[in-house]
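Participant: Right, I'll just put the structure down here and ask away after.
The values are calculated or read from the model by the stated rules, or taken from the named source; none is laboratory data. Computed from a predicted structure; not experimentally measured. These accessible areas exclude ligands, DNA and RNA; they are computed on the full protein's heavy atoms, side chains included. Shrake-Rupley method; radii C 1.70, N 1.55, O 1.52, S 1.80 Å.
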Amino acid sequence: GSLRGMRQQVPAPYQRIVPAIWFDHDALEGARFHVEAFRSALGDLAGDEAATGLVTVTHYPTGEDLPDFQKDFAGAPLEVRYRVCGLELSGINADGTFALSPAMSVSVAIDADLVPDAAERVTALHR
(Lines give C-alpha, C1' and ligand atoms only; values in the text may rest on other atoms or scores of the structure.)
Protein backbone atom coordinates (compact mmCIF):
# COMPACT_ATOMS: atom_id res chain seq x y z
CA GLY A 1 0.00 0.00 0.00
CA SER A 2 0.94 3.59 -0.50
CA LEU A 3 1.88 5.91 2.34
CA ARG A 4 0.72 8.89 0.28
CA GLY A 5 -1.86 10.94 2.15
CA MET A 6 -0.86 9.46 5.52
CA ARG A 7 -0.23 12.89 7.01
CA GLN A 8 -3.92 13.79 6.77
CA GLN A 9 -5.02 10.52 8.41
CA VAL A 10 -2.87 10.75 11.56
CA PRO A 11 -3.66 13.33 14.26
CA ALA A 12 -0.94 15.98 14.73
CA PRO A 13 0.28 14.92 18.24
CA TYR A 14 0.54 11.26 17.22
CA GLN A 15 4.07 9.83 17.46
CA ARG A 16 4.52 7.45 14.55
CA ILE A 17 7.56 5.59 15.90
CA VAL A 18 7.70 4.53 19.56
CA PRO A 19 11.10 3.17 20.63
CA ALA A 20 10.81 0.02 22.76
CA ILE A 21 13.20 -0.88 25.56
CA TRP A 22 13.35 -4.51 26.70
CA PHE A 23 13.57 -4.86 30.50
CA ASP A 24 14.45 -7.95 32.53
CA HIS A 25 11.40 -8.18 34.85
CA ASP A 26 11.56 -4.48 35.81
CA ALA A 27 9.93 -2.36 33.09
CA LEU A 28 7.82 -0.35 35.52
CA GLU A 29 10.83 0.44 37.72
CA GLY A 30 12.89 1.30 34.61
CA ALA A 31 10.22 3.66 33.30
CA ARG A 32 9.92 5.35 36.69
CA PHE A 33 13.70 5.71 36.82
CA HIS A 34 13.82 7.41 33.39
CA VAL A 35 10.94 9.74 34.26
CA GLU A 36 12.44 10.76 37.60
CA ALA A 37 15.97 11.15 36.21
CA PHE A 38 14.79 13.57 33.54
CA ARG A 39 12.46 15.43 35.89
CA SER A 40 15.17 15.74 38.51
CA ALA A 41 17.90 16.84 36.13
CA LEU A 42 15.89 19.05 33.80
CA GLY A 43 13.24 20.40 36.15
CA ASP A 44 10.78 22.62 34.30
CA LEU A 45 12.45 21.80 30.97
CA ALA A 46 11.13 18.22 31.24
CA GLY A 47 7.60 19.61 30.93
CA ASP A 48 4.48 18.71 32.84
CA GLU A 49 3.13 15.25 33.69
CA ALA A 50 1.89 14.80 30.10
CA ALA A 51 5.38 15.51 28.71
CA THR A 52 7.40 13.49 31.24
CA GLY A 53 5.50 10.79 33.09
CA LEU A 54 3.85 7.38 32.92
CA VAL A 55 1.15 7.04 30.25
CA THR A 56 -0.29 3.52 30.55
CA VAL A 57 0.57 0.17 32.08
CA THR A 58 -0.88 -3.02 30.61
CA HIS A 59 -0.54 -6.34 32.40
CA TYR A 60 0.02 -9.96 31.51
CA PRO A 61 -3.15 -12.01 31.97
CA THR A 62 -3.57 -14.13 35.06
CA GLY A 63 -4.60 -17.74 35.06
CA GLU A 64 -3.95 -20.56 32.65
CA ASP A 65 -3.81 -18.46 29.46
CA LEU A 66 -0.05 -17.94 29.56
CA PRO A 67 2.47 -20.30 27.98
CA ASP A 68 4.83 -22.00 30.44
CA PHE A 69 7.73 -19.63 29.74
CA GLN A 70 5.56 -16.64 30.81
CA LYS A 71 3.89 -18.15 33.89
CA ASP A 72 6.07 -16.14 36.30
CA PHE A 73 4.77 -12.93 34.64
CA ALA A 74 1.08 -13.62 35.44
CA GLY A 75 -0.51 -10.31 36.49
CA ALA A 76 2.78 -8.40 36.18
CA PRO A 77 3.18 -5.34 33.93
CA LEU A 78 3.56 -6.33 30.28
CA GLU A 79 4.15 -2.94 28.68
CA VAL A 80 4.76 0.44 30.27
CA ARG A 81 4.20 3.45 28.03
CA TYR A 82 5.88 6.59 29.29
CA ARG A 83 7.10 9.93 28.04
CA VAL A 84 10.36 11.73 28.56
CA CYS A 85 10.35 15.37 27.41
CA GLY A 86 7.46 14.56 25.06
CA LEU A 87 9.05 11.44 23.52
CA GLU A 88 6.91 8.37 24.08
CA LEU A 89 8.74 5.16 24.93
CA SER A 90 7.57 1.59 25.45
CA GLY A 91 9.06 -0.48 28.26
CA ILE A 92 8.59 -4.19 27.55
CA ASN A 93 8.57 -6.33 30.68
CA ALA A 94 10.14 -9.65 29.74
CA ASP A 95 13.08 -11.83 30.68
CA GLY A 96 16.82 -11.44 30.25
CA THR A 97 16.89 -12.65 26.63
CA PHE A 98 17.95 -9.19 25.46
CA ALA A 99 20.15 -7.04 27.68
CA LEU A 100 20.05 -3.26 27.84
CA SER A 101 22.92 -1.72 25.97
CA PRO A 102 24.17 1.75 25.09
CA ALA A 103 23.25 1.03 21.46
CA MET A 104 20.21 3.25 21.90
CA SER A 105 20.93 6.66 23.26
CA VAL A 106 19.14 9.99 23.44
CA SER A 107 20.42 13.49 22.99
CA VAL A 108 19.07 16.34 25.06
CA ALA A 109 19.21 19.72 23.37
CA ILE A 110 19.02 22.76 25.60
CA ASP A 111 19.61 26.29 24.35
CA ALA A 112 22.27 27.67 26.72
CA ASP A 113 21.25 31.21 25.77
CA LEU A 114 17.78 30.57 27.18
CA VAL A 115 18.73 28.29 30.07
CA PRO A 116 21.77 29.60 31.99
CA ASP A 117 22.32 26.33 33.90
CA ALA A 118 21.95 24.10 30.81
CA ALA A 119 25.32 22.37 31.28
CA GLU A 120 24.54 21.48 34.90
CA ARG A 121 21.14 20.06 33.97
CA VAL A 122 22.56 17.84 31.22
CA THR A 123 25.44 16.73 33.47
CA ALA A 124 22.89 15.73 36.11
CA LEU A 125 21.48 13.15 33.68
CA HIS A 126 24.80 11.28 33.77
CA ARG A 127 24.72 10.75 37.51
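Participant: From zero up to wherever the largest Cα-Cα distance of the chain sits, split into 5 Å bins and tell me the percent of pairs in each.
Facilitator: Reading the bins upward from 0: 2, 9, 16, 17, 16, 14, 11, 9, 4, 1, 1, 0.
Participant: Using a 1.4 Å probe on the protein heavy atoms, what percent of the accessible area of the chain belongs to carbon and sulfur?
Facilitator: Heavy-atom surface of the chain belonging to carbon and sulfur, 1.4 Å probe: 56 percent.
Participant: For the chain, what does -39500 (n - 2.57) per DSSP helix run (n ≥ 4), summed and divided by total residues, give at 222 nm, in deg cm²/dmol to the nearest 500?
Facilitator: -6000 deg cm²/dmol
Participant: Counting only C-alpha contacts under 8 Å and six or more residues apart, can you give the relative contact order of the chain as a whole percent?
Facilitator: 32 percent
Participant: Short version: ³J(HN,Hα) in whole Hz for each residue of the stretch 85-101, in order, from phi by Karplus 6.51 cos²θ - 1.76 cosθ + 1.60 (θ = phi - 60°), x for Gly and Pro, what are they?
Facilitator: Per-residue couplings from phi come out as 6, x, 8, 7, 10, 10, x, 9, 8, 9, 9, x, 4, 10, 8, 4, 9 Hz.
Participant: Give the accessible surface of the chain per residue, rounded to a whole number of Å², with probe radius 1.4 Å and ligands, DNA and RNA excluded.
Facilitator: Per-residue accessible area for the chain comes out at 69 Å².
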